[in-house]
Amino acid sequence: MKHENTLFSKNLLNWYDINKRTLPWRSESDPYRIWLSEIMLQQTQTERVSHYYFKWLKRFPSLKSVAKAKEESLLKVWEGLGYYNRCRNFHSAAKTVIKDYNGKIPKEFKLFKSLPGIGDYTAAAVLSIAFDIPFPAIDGNIKRVMARMLRIKTITKYNFRRVQKELENFIDKTRPGDFNQALMDLGNQVCRPNQAHCYACPMKSFCRAAQTDHPEQYPRPELSKDIPHYDVVLGLIWKKGRFLILKRDNRKHLGGLWELPGGKIDYRESPEKALIREIKEECNVDVILGKNTDPIKHRYSHFAITVRAFHCQLYNGKKVFSNQPNRWITPQQIIKFPFPKANHKLFAKINFDADNI
DNA sequence: GACACGTGGGA
DNA sequence: TTCCCAAGTGT
């Protein structure tokens, strides 16, 4: 068994060393940077992270600069990357590390994992890559790769423990970070969900699924659920060349980002009536509707929307009263605030010079 | 344990 | 077009 362990990690690292590496910042050794990249990489493809990673570092070169920053300026850099809780949790965790840990990432697994936004995977990934501590980091890729190695159909809790035990046994004690990354790269480049490419796999001799006709059927894919669809109307409420934006509550969907007032159209309600109702509810003012934009479609992780925006005028002189923080901004100021993608899609539909009421 | 949580790209 | 996938975590 001892011999097989060594061979497993030797084969894997040999493949890793001669293959082109997937991360452009693979040579990083600053724990802050490794932590940042692991947060950005959660459920997000490497190619998409790269640009954000460098943009972020230019603006926030150290953990201390993150801790000192305003949440809104962090969100502005994160804008478009999605899963915005990651950004706010990272901010909160950075402040804790600066304040309670003298600016050093705690090397104890439990302590590090107790910070917001850090779970089993991220704790293991950062500690193994930054400090050479041999924790197996088990992400989606590695789950799939190991399910095939062990010919597991379903990743039950019991099977997950099996995978974890195997990896604790196999992990290279001198290069644990490279070991983890190599297995992820293997899943990303070779052992793909729908094409196992066993002919190119350095781990073929260890793999039980590779001995079958259809290695791709391990693990069995989960059936996906239908997501609901909603029709949404938003208002561009104009006043002296400015329109109203509201800041979303931190604990809600897209928390901390800004939005236009509006909301879902109720069953059998007209878009116009819905928007007037929503603006009355959210801002306590009455509006007259002008022309509207073409609809845009947008899909979130768990529902989809079709959105239109109406130009609006205030009906009387009443002041906006909202539970959410609000601002009146010019179109030029859009770039100063973090907005969700759906809002940017709408803004792109509007000719602000001509449509401005 | 199930569900919420963004977005872009490829099949 | 539609569906699936992608270096997970919090509740």
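The values are calculated or read from the model by the stated rules, or taken from the named source; none is laboratory data. Treat the numbers as computed from the prediction; the structure is a model and nothing was measured. Methodologically, a virtual Cβ is constructed for each residue, glycine included, from the backbone with ideal geometry; neighbour enumeration extends over all protein chains shown. Remember, those area values only see protein heavy atoms, side chains included, never the ligands or the DNA or RNA. Shrake-Rupley method; radii C 1.70, N 1.55, O 1.52, S 1.80 Å.
Against the list (1) crowded, with 19+ Cβ neighbours inside 10 Å; (2) of a type in the set (Gly, Ala, Ser); (3) not assigned by TED's automatic domain parsing to the domain that holds residue A:330, the condition residue A:235 fails is (3). List every residue pair whose Cβ atoms lie under 6 Å apart, where the two residues are 6 or more positions apart in sequence or sit on different chains, the first residue falls within the range A:105-126 and is more than 17 Å from residue A:67 (Cα to Cα), and the second residue, located anywhere, is more than 6 Å from DNA strand C (Cβ to nearest atom) and of a type in the set (A, V, I, L, M). If the second residue must be more than 6 Å from DNA strand C (Cβ to nearest atom) and of a type in the set (A, V, I, L, M), the pairs left are A:109/A:123; A:113/A:123; A:121/A:137; A:124/A:137; A:125/A:137; A:126/A:34. State all residues of the range A:228-267 that are within 16 Å of DNA strand B (Cβ to nearest atom) and out of contact with any strand residue (DSSP E or B) (no Cβ under 6 Å at 6 or more places or on another chain); if no residue qualifies, say none. A:228, A:249, A:250, A:251, A:252, A:253, A:254, A:255, A:256, A:257, A:263 - these are the residues of the range A:228-267 that are within 16 Å of DNA strand B (Cβ to nearest atom) and out of contact with any strand residue (DSSP E or B) (no Cβ under 6 Å at 6 or more places or on another chain).
If we keep just the residues of the range A:16-43 that are within 14 Å of DNA strand C (Cβ to nearest atom), in contact (Cβ under 8 Å) with a residue 60 or more places away in the chain and part of a helix (DSSP H, G or I), which is farthest from residue A:127 (Cα to Cα)?
Start the filter on the range A:16-43 by keeping residues that are within 14 Å of DNA strand C (Cβ to nearest atom), which leaves A:16, A:19-28, A:33-43.
Subsequent filtering for residues that are in contact (Cβ under 8 Å) with a residue 60 or more places away in the chain retains A:16, A:19, A:21-23, A:26, A:34-35, A:38-39, A:42.
Now narrow it down to the ones that are part of a helix (DSSP H, G or I): A:16, A:34-35, A:38-39.
Details: A:16: 20, A:34: 9, A:35: 9, A:38: 11, A:39: 13 Å.
The residue in question is A:16.
Of the listed requirements (1) more than 15 Å from residue A:234 (Cβ to Cβ); (2) of a type in the set (A, V, I, L, M); (3) buried (at least 17 other Cβ atoms within 10 Å of the Cβ), residue A:346 misses just one: (1).
Count of the range A:195-225 residues, restricted to those that are touching a helix residue (DSSP H, G or I) at 6+ places or on another chain (Cβ under 6 Å) and open to solvent by 50 Å² or more (accessible area, probe 1.4 Å), is 1. Kindly check whether there is at least one residue in the range A:297-316 that is in a helix (DSSP H, G or I), more than 13 Å from residue A:238 (Cβ to Cβ), open to solvent by 40 Å² or more (accessible area, probe 1.4 Å) and more than 16 Å from DNA strand C (Cβ to nearest atom). Looking through the range A:297-316, none of the residues is in a helix (DSSP H, G or I), more than 13 Å from residue A:238 (Cβ to Cβ), open to solvent by 40 Å² or more (accessible area, probe 1.4 Å) and more than 16 Å from DNA strand C (Cβ to nearest atom). If you go through the range A:28-53 and keep only what is buried (at least 20 other Cβ atoms within 10 Å of the Cβ), over 11 Å from the mean Cα position of the chain (by Cα) and not hydrophobic (A, V, I, L, M, F, W, C), you end up with A:32, A:37, A:53.
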